[in-house]
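What follows is a short report on a single structure.
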Amino acid sequence: MGGQFVLPAYTVLGNFIMMTPMITALRRLYPSGQIYLIAGNDFGTEFVLQGTGVVDEIFILREDASLWKKLWFFWKLRRKRIDVAFIPFDASPSFYRFGVVLAGIPRRIGHTSEVLRTPAGWTRDVLTDAVPVRTGRHETDLHFDLLDLLVSGVQRSYVTTMGAGNDVSALKKFDLVEREYVVVQVSAASGLPSPKVWPLENFHRLVERLSLEGFIIVLAGDTGEKKIIDSFAQQCSVRVINLAGKTSVREIASVIRCAAALICHDSGLMHIGNALRIPVVALYGPTDYVYTRPMAATSVIIRKDLPCAPCMANFAKTEEEAYRDCPIEFECMKRITVDEVFEAVMRQVSLTREVSK
């Protein structure tokens, strides 16, 4: 069954990974169709589905490209004679929305986002099929809502996909041995003040206990988090391997794929670990666990059911607003105990080892 489809990938890595179940389902529905991806090449989304056979071609069009370059790109896209353009609310900058019109794509399926308090007037001119963003659900469901407008009743799956992570040279580069180390994310949000970060003193106690179990501790984070992670590493009483700011997205995906476990916040690293099916223990506080939680059987979340948590549920607050407005000093994160996290890690590692036997 044929068909020509295009999707955007102008979003952070974790959110795009949550879009992959819908794209994979589209491939199953149209096995002989052509699926194109347009990415900005800023956050690693351009290679998430490479090597999986899910997409046929990935185009790179940077968000900061000139207006003329964007116009020329979409005008040339007309040659592909694409039948359907998907316009998800969280991955579609304005130039993409109007570009698919310029590309002559007759059917344009997307979200209306009144719930996000954003103007929706453009939808009347761009979308041929529309569905509102519905709160209180996983982000993957919002993407399947779009697919339902094309083919109703599609069975929904929460199995995310990531083709990257097979670069064994990354382990050699950092002198790592498969399954002998645990990846720990002690920071988040590129080092900006964030309400979703577990206290560093708790991480210190956790890495000490994991080290006593024989695990090497690998610290992961981007260049924005490097200062925080460097300081944390210097204060550790056990040996750690600090990779903060030293890896590409491809490399850290390979490091995570071969780890015994990943301990993290609600982040892109969490979604990489979830997609690669390694044991993930994710620490949740203010962010919307219903919307973003990892859904693989190898992943678990730990959170505290405070009356105010999660304060970011249903797009009520941004991360910056949650940090600014919290009256109880991020108690939702502080109440997660070291014992809880340690036991969850050991349990997930044990279960995974049993399955792999």
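Assorted remarks:
- When the GluC sites (Glu not before Pro) in the stretch 210-303 are filtered for DSSP coil states and for at most 14 other beta-carbon atoms within 10 Å of their beta-carbon, the remaining sites are 213.
- Accessible-area composition of the chain, carbon plus sulfur, in percent [1.4 Å probe]: 52 percent
- Annotation: Cα Rg of the stretch 36-172 relative to the compact-globule expectation 2.2 N^0.38 Å equals 1.14.
- Cα centroid of the stretch 39-81 to Cα centroid of the stretch 140-209, whole Å: 24 Å
- Charge tally in the Cβ shell below 14 Å around residue 290, where Lys, Arg are +1 and Asp, Glu are -1, residue 290 excluded: -1
- On Cα atoms only, tilt of 338-356 relative to the major axis of the chain in degrees: 70 degrees
- For the chain, the spread of Cα coordinates along the three principal axes comes to 61, 46, 40 Å, biggest extent given first.
- log10 of Debye I(q)/I(0), alpha-carbon scatterers only, for the stretch 254-357 at 0.23 Å⁻¹: -1.19
- Residue 112 long-range amide H proximity, modeled H, under 5 Å: 131, 133
- Residue pairs exceeding 31 angstrom between C-alpha atoms, taken from 226/334; 246/334; 227/317; 172/334: 172/334.
- Where the alpha-carbon atoms of the stretch 154-306 are placed on the principal axes, they occupy 49, 40, 30 Å, in descending order.
- Here the Karplus curve 6.51 cos²θ - 1.76 cosθ + 1.60, taken at θ = phi - 60°, turns the phi angles of the stretch 84-91 into couplings of 9, 10, 8, 10, x, 4, 9, 9 Hz, with x standing for Gly and Pro.
The values are calculated or read from the model by the stated rules, or taken from the named source; none is laboratory data. Everything numeric here is computed off the predicted structure, so don't read it as measured data. Virtual Cβ from ideal backbone geometry, glycine too; neighbours counted across all protein chains shown. What goes into the accessible areas is simple: the full protein's heavy atoms, side chains included, and nothing from ligands, DNA or RNA. Shrake-Rupley method; radii C 1.70, N 1.55, O 1.52, S 1.80 Å.
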